[in-house]
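Asker: Structure incoming, see below.
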Amino acid sequence: MIAIIVTALMWVLSLCLIVLRRGRAERNITYAALTIASATTLNIDPVYRALDELVGGSNLTTLLADLALMTGVFFLGRGVARASESQPRSIGLALSPVALFVALGCAVVAFLLIDRGQTTTTFMLDLGAQPAAAAYSTIQFGYYGIVLTAMAALAASQLRISRGVRALSPALLVAGSVFGILLSVVVIAMDVAHVAGELALMAAIDVIYSPLYLSTFLFLCAGFASGPAARTVHARSRERKTRMLTSELAPIWAAATKARPGISQNESLAFQPPEPASLLHRQVVEIRDALIDARVTFDISERDRELIERAESHLLGVGVASAEPRTSRATVHHGQRS
């Protein structure tokens, strides 16, 4: 049942990321979600049995699912790393392709040494007493623990500089990574207990496996989905405010361009802004130019000046495609001369 819940979560996350991150060059998180969703799908018992029968009935599907999951976790780590401006060399090494390939190679070698028998949907429970099986599981979860530790460190650094709704995603990622690290420790402890014949200890530890497993995926899915969702909500909110400011400045802009005709009045160079922020920028520039041009008589009320100040602050916060962004207020004033 937990496998089905986790699989559903991963496919929902995949769809959310495909929609919310469309057009973005950075796709590691989307690749991770799709890869992990495929891996967890393979662990659903009916799917596992059907596929393993096709590949010979010797539990090769376990290897396929686990390698896919390791690759998906690698993409997760890379996605978090790309969102961070810099990271220590140790984190870069933990999230590198070299670390992945070494872990994958070791896992394959250990798997081939296991006496796997016939298809079983309880692979480690049935075969975990074999040292090779314990090594196989330990390699996987050791790799997960390393990557999730690096992810937790990166997400924590992002959390320290985030405010408001933007802090939600790194906070959830830190929680999910911590749960994942604890899960890795628990599984490795179970592997050691199993191969040592301490079945009572293994059963006692197993009590917290399922809650940790589910919590890890819940928090990580929520963390990765909330990031693009928060950015989308923020962008739409900014666009609404931009349109509102554009509408409020329209009468002042009309008066300014009437007093000091500029490029906006040149029909052969008609200005058609690609986005509301560009139009707002043009309005602020031409109003400011009319105010400082000694050749024309143009003045506005204190209330209108405050409105222009708000528009400038808004533009400096979001940047404008048609001007040099986020440098100084002088950029907004004189960045586009008529």
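Asker: Which values, in whole Å and largest first, are the semi-axes of the equivalent ellipsoid of the range 1-147 obtained as the square root of 5 times each eigenvalue of the Cα gyration tensor?
Answerer: 28, 20, 11
Asker: Then there's this: Can you give me the relative contact order of the chain as a percent, contacts being Cα pairs under 8 Å and 6 or more apart?
Answerer: 13
Asker: Once you compute Rg and the Kirkwood Rh from C-alpha atoms, what is the Rg to Rh ratio for the chain?
Answerer: A ratio of 1.19.
Asker: Membrane-span-like helices in the chain: DSSP H runs reaching 18 Å or more (Cα, own axis), mean Kyte hydropathy at least 1.0?
Answerer: Result, helices passing both filters: 2-20, 28-42, 60-82, 97-112, 168-195.
Asker: Once the other residues with Cβ under 14 Å from the Cβ of Ile205 are scored (Lys, Arg +1; Asp, Glu -1), what is the net sum?
Answerer: After counting each charged neighbour, the total is -3.
Asker: What does the charge count around Ala189 come to, taking other residues whose C-beta lies under 15 Å from its C-beta (Lys +1, Arg +1, Asp -1, Glu -1)?
Answerer: Taking every Cβ under 15 Å from that of Ala189, the sum is -3.
Asker: Moving to a separate point now. When Lys and Arg each count +1 and Asp and Glu each count -1, what net charge do the other residues less than 15 Å away from Phe111, Cβ to Cβ, add up to?
Answerer: Local charge sum for Phe111: -4.
Every number here is computed from the coordinates shown, using simple stated rules; none is lab data. These numbers come from a predicted model, not from an experiment. Because the Cβ atoms are built from the backbone with ideal geometry, glycine has one as well, and the counts that use them run over all protein chains shown.
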